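Trainee: Take a look at this one; I'll ask things after.
The values are calculated or read from the model by the stated rules, or taken from the named source; none is laboratory data. For clarity, every value in this text was computed on a predicted model and none was experimentally measured. All Cβ positions, glycine included, derive from the backbone under ideal geometry; neighbour counts span all protein chains shown.
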Amino acid sequence: MSESTHFLSILQLGIRIQHVNQKLERDTGMSLTQWSLLKCLVDHPTISALDLADLLGIQASSLTQSIKRLQRKGLIIVAKDPLDARRKLLSVTREGNVRLLEVDRKLKAWKSSAKLSSSSVQEVFRDLKQFL
Amino acid sequence: MTVEYLFSRGNIQILESLCFTETLYAFDFDGTLAPIVAKPDTAKMSAETESLFKKVSATVPTAVISGRSLKDLQPRIPPGAKYLVGNHGLEGLPGASAIRELNEMCNAWKAILNPWLKENPDPGIMLEDKGFSLAIHYRNSRAKKLARENITQILQSMDEHAKIIPGKLVFNVVPARGPHKGLALSRVIVHSKARFGFYIGDDHTDEDVFSINENRLMTVRVGRSRKSQARYYLRRQAEVNELLRLILRFHGVEE
């Protein structure tokens, strides 16, 4: 694959993600970031914000706004760790789980019509790694 | 350290969040599923607890991890629990077999304790042989303080292979290098392929679970203790029924 094709693939992927994000927000009121956070939280009840950031491979500060938004929407609860008051523990609420299942259903329906297959995403990421 | 009451509003929501993923619910027996009684032989679940526990076990994977021998524990638990682990983790672990060395070790400790009991007769002190560990109960002693002091003294003469775990009016003597409840729970969680673990217990031996530094585990102690490493507590054993009801309700099961 030539260098220009690489960049084109990355650009196309970025645009598609943007489109999916806009459509998701419009239809469900939930962004892709919020959806992926909820997905992760469902399998890690009571995880700390710091551990969640580690798990996602991002900085904890990048999560702050998304966590606040999810909390305001009543989709997660943030509680202090009884063993360490400095740590905040995150868990999904029932409402959060219901919303997550709704979004999952929508994404599944879109997947069949979308041209973006998981193998093509992996291919672009593999190419991206070579650049970085 | 601030342990929190499990049934406060926010913490109930945390408990509920466990039902959105594959969680293994593990329980201690004495003092948790069954009330503490003067004669350990007579300990059993109340009819209500037994009925609720059966339903919970039919709904989610459950484990009972006890200090009792497996032979002693089995008839006290209704069918349905996925894992029964006895002797503080020495018996019943998936993939593990009983080790003869541990049994020999236990016999050597008995050879010290039995003559001592004969020389210091107190009908309220009872030595329980669990095959791979021992328990010295002094709940029925009329002079509990003296009994405790005397037992402490004799236990100091035990070899380095013996780990002494004090409990509620009992001293447990377990192999120092053997598995403990914490290790047992970790292995059971891995074996069950659960993504998260819940554990409730009431005793010192349960601290081996409470002190696991694992963020995929929710720990609850029956009875508040500031020294405990458990994150949450229930006020008394009778509240375990409410806990079982909540687990059922969160999974949409009617009682």
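Trainee: Take the range A:16-61 and flag every residue that is within 14 Å of another protein chain (Cβ to nearest Cβ), in contact with a Phe, Trp or Tyr (Cβ under 8 Å, 6 or more places away or on another chain), in a helix (DSSP H, G or I) and in contact (Cβ under 8 Å) with a residue 40 or more places away in the chain.
Mentor: Scanning the range A:16-61 gives a single hit, A:42.
Trainee: Being of a type in the set (Gly, Ala, Ser) and surrounded by 13 or more Cβ atoms within 10 Å (Cβ to Cβ) is the filter here; which residues of the range B:144-166 pass it?
Mentor: Selection gives B:147, B:162.
Trainee: Which residues, counting only those in the range B:228-238, are surrounded by fewer than 19 Cβ atoms within 10 Å (Cβ to Cβ) and either more than 12 Å from chain A (Cβ to nearest Cβ) or of a type in the set (Phe, Trp, Tyr) (or both)?
Mentor: We begin by selecting, within the range B:228-238, every residue surrounded by fewer than 19 Cβ atoms within 10 Å (Cβ to Cβ); these are B:229, B:235-236, B:238.
Result: B:235, B:236, B:238.
Rundown of residues vs (1) within 23 Å of residue B:194 (Cα to Cα); (2) acidic (Asp, Glu); (3) in contact with a Phe, Trp or Tyr (Cβ under 7 Å, 6 or more places away or on another chain), yes/no style:
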position	(1), (2), (3)
B:23	yes, no, yes
B:34	no, no, no
B:38	no, no, no
B:42	no, no, no
B:50	no, yes, no
B:54	yes, no, no
B:78	yes, no, yes
B:110	no, no, no
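Trainee: Would you be able to say whether some residue in the range A:63-77 is in a helix (DSSP H, G or I), within 14 Å of chain B (Cβ to nearest Cβ) and of a type in the set (A, V, I, L, M)?
Mentor: So far as the range A:63-77 goes, yes, one or more of its residues are in a helix (DSSP H, G or I), within 14 Å of chain B (Cβ to nearest Cβ) and of a type in the set (A, V, I, L, M).
Trainee: Residue check, residue B:17 against (1) surrounded by fewer than 23 Cβ atoms within 10 Å (Cβ to Cβ); (2) under 30 Å from residue A:74 (Cβ atoms), all met but one. Which one?
Mentor: All conditions pass for residue B:17, except number (1).
Trainee: Which of (1) without any contact (Cβ under 8 Å) to a residue 60 or more places away in the chain; (2) surrounded by fewer than 17 Cβ atoms within 10 Å (Cβ to Cβ) does residue B:140 not meet, given it meets every other one?
Mentor: (1)
Trainee: Of these, B:242, B:207, B:214, which one is within 14 Å of chain A (Cβ to nearest Cβ) and either assigned to a helix (DSSP H, G or I) or among the basic types (Lys, Arg) (or both)?
Mentor: Matching residue, one of B:242, B:207, B:214: B:207.
Trainee: While we're on this one: Take the conditions under 30 Å from residue B:111 (Cβ atoms) and either surrounded by 18 or more Cβ atoms within 10 Å (Cβ to Cβ) or within 14 Å of chain A (Cβ to nearest Cβ) (or both) and apply them to residue B:197. Does it pass?
Mentor: no
Trainee: Please give the number of the condition residue B:16 fails out of (1) at the interface with chain A (Cβ under 7 Å from one of its Cβ atoms); (2) of a type outside the set (Gly, Ala, Ser); (3) in contact with a strand residue (DSSP E or B) (Cβ under 7 Å, 6 or more places away or on another chain).
Mentor: (3)
Trainee: Look through B:6, B:73, B:33 and report the one residue that is touching a strand residue (DSSP E or B) at 6+ places or on another chain (Cβ under 7 Å), within 14 Å of another protein chain (Cβ to nearest Cβ), within 20 Å of residue B:203 (Cα to Cα) and in contact (Cβ under 8 Å) with a residue 12 or more places away in the chain.
Mentor: Within the list B:6, B:73, B:33, the selection yields B:6.
Trainee: While we're on this one: Here is a list of conditions, (1) among the hydrophobic types (A, V, I, L, M, F, W, C); (2) at pLDDT below 95; (3) buried (at least 20 other Cβ atoms within 10 Å of the Cβ), and residue B:1 meets all of them except one; can you say which number that is?
Mentor: Unmet condition: (3).
Trainee: Could I ask something else about it? So for the range B:48-67 (the condition being over 17 Å from residue B:240 (Cβ atoms), more than 10 Å from chain A (Cβ to nearest Cβ) and at pLDDT below 95), does at least one residue qualify?
Mentor: Yes, there is a match, as at least one residue in the range B:48-67 is over 17 Å from residue B:240 (Cβ atoms), more than 10 Å from chain A (Cβ to nearest Cβ) and at pLDDT below 95.
Trainee: Please specify each residue of the range A:26-41 satisfying the condition of being surrounded by fewer than 19 Cβ atoms within 10 Å (Cβ to Cβ) and touching a helix residue (DSSP H, G or I) at 6+ places or on another chain (Cβ under 9 Å).
Mentor: A:27, A:28, A:29, A:31, A:32, A:33, A:36, A:39, A:40
Trainee: Still on this structure, please answer the following. For the range A:68-97, name all the residues that are among the β-branched types (Val, Ile, Thr) and over 21 Å from residue B:19 (Cα atoms).
Mentor: Selection gives nothing.
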